[in-house]
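The values are calculated or read from the model by the stated rules, or taken from the named source; none is laboratory data. This structure is a prediction, so every number in the text was calculated from the model and none was measured. With ideal geometry, Cβ positions are generated from the backbone for all residues, glycine too; neighbour counts draw on all protein chains shown. Heavy atoms of the whole protein, side chains included, go into the accessibility calculation; ligands, DNA and RNA do not. Shrake-Rupley method; radii C 1.70, N 1.55, O 1.52, S 1.80 Å.
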Amino acid sequence: RLGAEWRTLDLPDGFVPADDEVALRLCDVIREVRPDAVVAHWSGSWHKDHRAAHTLAVNAAFFAALPTLRRDLPAHDTGTLLFGENWEDDEGFRPERLFDVTDGVPAWREAVREYELARGLASFPYYDYYSSLYRLRGCTSGCRYAQAYRMQSGQSMAGVGQFLRRSGDEAAR
């Protein structure tokens with residue numbers, strides 16, 4: 001419904017390991033897809049898998065940009081690593097970027113209603129919460145609906161490759 005491609009690493013719910021093996025698998029996906037941005041969970045979560053996803057995203061983005069790390073595909077700097085606002089991940093979350101998502105809200109509403117948690121199968125009112133949150137963020141940013149993100153410190157991994165190229169290390173190219 002949103003036009004996104006779904007991929008899974010077949011990791012067990014509740015037991016996502018935040019290790020280098022999984023981070024390298026994600027690194028390979030980043031190098032294959034070559035995204036301009038990666039969106040992940042914020043680190044301040046009470047949810048174990050969300051904390052693991054945060055660590056994995058940071059490490060995978062680093063590995064993907066590292067030109068000296070030999071994998072099947074060449075290095076790719078995602079350029080931007082964003083952490084989305086989530087009621088389960090709000091410890092220490094401060095919005096740093098607000099993106100106007102007004103045009104995408106109708107498709108989001110249609111898609112999220114397909115997700116069982118948003119249909120009321122959980123005690124938390126997901127649909128109401130996020131509908132209201134996106135409207136609130138829109139009010140504070142001058143548009144109808146907006147989504148808040150936190151940025152990765154040091155933002156881009158580009159410096160990793162640039163340093164090696166400037167130093168004349170031909171093997172890193």
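Just checking my list [x] 10.6; [y] 11.3; [z] 12.1 against mean projected area of the Cα convex hull in nm² computed from this structure; which label fits? Among [x] 10.6; [y] 11.3; [z] 12.1, the one derived from this structure is [y].
Distance between the C-alpha centres of region 55-107 and region 108-124: 24 Å, rounded to the whole angstrom.
Based on Cβ point charges of +1 for Lys and Arg and -1 for Asp and Glu, what charge dipole magnitude is obtained for the chain about its Cα centre, in debye rounded to the nearest 20? Could the numbers behind the result be given before it?
On the way: 21 positive and 26 negative charges, 99 e Å.
With only Lys, Arg, Asp and Glu charged at Cβ, the dipole is about 480 debye.
Considering only beta bridges that DSSP places wholly inside the chain, some 60 percent are antiparallel.
Can you give me the accessible area per residue for region 1-155, using a 1.4 Å probe, in Å²? Please report the intermediate quantities before stating the final value.
On the way: 9230 Å² over 155 residues.
Each residue of region 1-155 exposes 60 Å² on average to a 1.4 Å probe.
Computing the accessible area with a 1.4 Å probe over protein heavy atoms, can you report the carbon and sulfur percentage for region 1-145? Carbon and sulfur atoms account for 53 percent of the accessible area of region 1-145.
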